[in-house]
Amino acid sequence: MHPARLPQWLRPAPDSVAGNAKSAGRSPWTDAVHALWSGWVFITPAFTPNGYDARWLWLTLASWPLFLLLYARVLTAPARSAHRYALAMVALCLVLLPWYPAGFSYFVFGCVLLHPQRVRALAPYLALLLALNVVLLGWALWLGYPWRMLAWIPPVTLIVGIVVHVEHIGKRKDLALKLSQEEVRRLAATAERERIGRDLHDLLGHTLSMVALKSDLAARLVARDPDAARAEIEQVARGARDALAQVRRAVSGIRAAGIAAELASARLLLECDGVAFGYRLEGDDVDAVLPPSVETALALTVREAITNVQRHARASRAEVWFTVVGGEAVLRVVDDGRGGAIVPGNGLAGMRERLEAARGCLRIDAIEGGGTRLEARVPLAVEDDHAR
């Protein structure tokens, strides 16, 4: 169901679990799949003396929809209040426990969904889990439940709760990192647009003023001195051609923004993960000679290579080296990680396909002693071929 069609009280809050999933580019209802574990409500009676009797049926029809509603509220409620609905699941179990052993599933869900919103809240969370388990065990034993039926609950709630908590921390860090990378790219693009705007204003302002002045002069001279008017018109044409060439050189600077933004994002990504990062751009006029297709292919190569270093290399340092030599743009990415056999995947395949589309090539080698070297080469003449 589309969020806009949901009732107001069930729409995901911006800082809710569903809201964070949406911000990360995932479906806001991704975490709802875990509700399938509540199927134990329908399995537990098979291990109880009364089995699937009428009391179990009526209590299930009354409590399971309520549990699903509470689960939905845990996912959609603001972070400051989501824990109330998890505690309501625990209370639902305790209320039903005298007549409904299947309600233990509600208790486990309630404990797991109490995971804290802040990283440092793990210790209070574990203390709360222990307190809830003590209450449950005392209440269940007083009701006459055998201890063998209860022994699994404390370890399951603690283990699953810690796992979910760690995953929650990872998701929050990934979201914060994604937002930081997007902000770096946005700032880099904004700065580049402002630079190009200033350059174009300076170039076109002067040239258009000259064109207007010379055109007016030629219009006054055309009747009494055609040769002088022709000379002024030729100067206008020459000035316009020069301005066009300057505009093309200025706009070509936009093409380097992709690599600049990717290098800034790479530094942010790796240094946030404790990996030192450096880069070298050799050549005095590297930016101006990069055709758009070459720049795009190399920028995306930097992005994919750095992502692989962050996820898989376990490196302490990575370096990007770029130059133009012999009519080719050469990019190298080197890290001091674990190296080893290079296993092709979707990322490497996509990287190779983009480079081959620009008539380039990709080579990846494991460095002796640990580490990986990636080298991409793309001919600069590819842009001329596309133009023809």
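The values are calculated or read from the model by the stated rules, or taken from the named source; none is laboratory data. Treat the numbers as computed from the prediction; the structure is a model and nothing was measured. Reconstructed Cβ throughout: ideal geometry from the backbone, glycine too, with neighbour counts over all protein chains shown.
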Open item on the list: under 18 Å from Pro45 (Cα atoms) and at pLDDT 85 or above: is that true of Leu97 in this structure?
Closed with: yes
Task: Residue ID - modelled with the highest pLDDT, chosen from residues in the range 310-327 that are on the phi > 0 side of the Ramachandran plot and surrounded by fewer than 14 Cβ atoms within 10 Å (Cβ to Cβ) - done: Gly327
Open item on the list: Return the residues of the range 285-309 that are farther than 14 Å from Leu362 by Cα, in a helix (DSSP H, G or I) and modelled with pLDDT under 85; say none if nothing qualifies.
Closed with: Asp287, Ala288, Val289, Pro292, Ser293, Glu295, Thr296
Open item on the list: Looking at Gly205 and the list (1) of a type in the set (Gly, Ala, Ser); (2) loosely packed, with under 12 Cβ neighbours inside 10 Å; (3) modelled with pLDDT of 75 or more, which single condition is not satisfied?
Closed with: (3)
Task: Tally of residues being closer than 13 Å to Cys272 by Cα and assigned to a loop (DSSP other than H, G, I, E, B) across the range 316-328 - done: 1
Task: Among (1) at pLDDT 85 or above; (2) aliphatic (A, V, I, L, M); (3) within 25 Å of Thr30 (Cα to Cα) - the single one Ala77 does not satisfy - done: (1)
- [ ] Would you tally the residues in the range 336-349 being at pLDDT below 80 and part of a helix (DSSP H, G or I)?
- [x] 3
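Listed here are the residues, each with its yes/no results for (1) outside the structural domain of Tyr85 (by TED's automatic domain parsing); (2) modelled with pLDDT under 75; (3) of a type outside the set (Val, Ile, Thr).
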site	(1), (2), (3)
Pro14	no, yes, yes
Ala21	no, yes, yes
Arg26	no, yes, yes
Val41	no, no, no
Ala46	no, no, yes
Trp58	no, no, yes
TODO: Working only within the range 31-84, note down all residues that are among the charged types (D, E, K, R) and over 43 Å from the mean Cα position of the chain (by Cα).
DONE: Asp53, Arg55
- [ ] Check the range 39-55 and report whether any residue there is in contact (Cβ under 8 Å) with a residue 60 or more places away in the chain and among the aliphatic types (A, V, I, L, M).
- [x] yes
